[in-house]
Each structure stands twice: as structure tokens, then as C-alpha cells.
Amino acid sequence: MADPSAPTEAVQHPLTLVMSIRSAEDRATLEATLQQLQSQPPERNPIIQALDAIGTVHFARFVFLDETRLAVITTYDGDFDAYVNEFVDHIGQVFDALLQHIADAPPLPVQQHREEFLAYLRAHDLGCIPPFYSAYPDRTVLDIRAGSPV
């Protein structure tokens, strides 16, 4: 029988992807692109539509850390490769539009260069200082949406 006091690995995982922007002009284009995407109503925003369809992301946000760096910060359920591949399948074209303005970006389109994209994300994920805190370490997005007990 498993020890109930033993720590278990949470189903949720952090991603803190920090990317270097190529130039001031690229930053302006990225900002305009993200503003245009994020200002759309949820039913027309491809990012929100993908997040809802995939059903494994607890939180997601874009953050300009300064004039030269863009971060994508998420908390997701399950396996990293599966998580990334779902996004490539749903909104690969959004990644392509953003990554063309990023220094040392992986080859595009990401749909045709999945392994390189995964490697790029792993290399640019800052990770976190363990442990990763979660108020609901055993509950997935789907569990929380369904209101299921812990």
C-alpha cells in the first residue's frame, strides 16, 4: 500500500519559455500581432479556442519581459511532448507567425519541424526552483471543469 504522506508528482507542470526578439521592429510587430489576437472575442481567438479544445492548460499568458524578450508562461497537465504537439496541431500557424520574429527560432513551419520545435522549447524553458506549488496537485483541468472531488 502506498504511503499517503509520501509526496506525489503533480499532474500539472510549469513552462516559462523566454525568447529573444530579433529587433525593435520585430518587437513592434509581435506586440501588434499579440494585441490583435488577444483582443478578439473568445469564440474567435484562435489561442483561446485551442486552449479550450486541448483542455490541459490551467493558465497561459504572454509577457514582454523587456524590449528584447517575450515570455510564454503556462501551467499544463501531463506530458510535455503531448502538450506541445497538441498546440502544433491546433495553432501551429500562430507559432509560425510569432517565431519569425524571434532570434535563433527553430525552423518553420513548426508542423514540419516538430522535433526542432520541441528541442527549442526545452532549451528556452527556464523551469522553476522545485517544488512547483499547486493548490490542486492531483486535479487536471478536466477534473476542475467537471467539479469532481479531489
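The values are calculated or read from the model by the stated rules, or taken from the named source; none is laboratory data. None of the values given here were measured: they were computed from a predicted structure. Cβ sites come from the backbone with ideal geometry, for glycine too, and all protein chains shown count toward neighbours.
Descriptive notes on the structure:
- Listed by first and then second residue, the pairs linking a residue in segment 111-140 that is on the phi > 0 side of the Ramachandran plot to a residue that is crowded, with 16+ Cβ neighbours inside 10 Å and modelled with pLDDT of 90 or more, with Cβ atoms under 8 Å apart and 6 or more places separating them unless they lie on different chains, are 127/14.
- Search result, residues across segment 103-150 that are part of a helix (DSSP H, G or I) and acidic (Asp, Glu): 115, 116, 143
- Residue in segment 23-42 that is on the phi < 0 side of the Ramachandran plot, touching a Ser or Thr at 6+ places or on another chain (Cβ under 8 Å) and surrounded by 15 or more Cβ atoms within 10 Å (Cβ to Cβ) present: yes
- Residue check for residue 40: at pLDDT 95 or above and part of a loop (DSSP other than H, G, I, E, B): yes
- Test: residue in segment 90-98 that is in contact (Cβ under 8 Å) with a residue 60 or more places away in the chain and in a strand (DSSP E or B): no
- If you go through segment 24-39 and pick out every residue that is of a type in the set (Ser, Thr, Tyr) and free of Cβ contacts under 8 Å to residues at least 24 places away in the same chain, you end up with 1.
- Counted residues, segment 43-64 - those being surrounded by 14 or more Cβ atoms within 10 Å (Cβ to Cβ), assigned to a strand (DSSP E or B) and of a type in the set (Val, Ile, Thr): 1
- Residues of segment 20-46 satisfying the condition of being of a type in the set (A, V, I, L, M, F, W, C) and more than 15 Å from residue 60 (Cβ to Cβ): 21, 24, 28, 30, 32
- Taken as a whole, the structure leaves residue 106 outside the set of residues that are surrounded by fewer than 17 Cβ atoms within 10 Å (Cβ to Cβ) and either touching a Phe, Trp or Tyr at 6+ places or on another chain (Cβ under 8 Å) or touching a residue at least 60 places away in the same chain (Cβ under 8 Å) (or both).
- Residue check, residue 11 surrounded by 17 or more Cβ atoms within 10 Å (Cβ to Cβ) and either out of contact with any Ser or Thr (no Cβ under 6 Å at 6 or more places or on another chain) or at pLDDT below 95 (or both): yes
- For segment 40-75, the set of residues classified as within 18 Å of residue 19 (Cβ to Cβ), under 13 Å from the mean Cα position of the chain (by Cα) and touching a residue at least 24 places away in the same chain (Cβ under 8 Å) consists of 47, 62, 70, 71, 72, 73, 74, listed by residue number.
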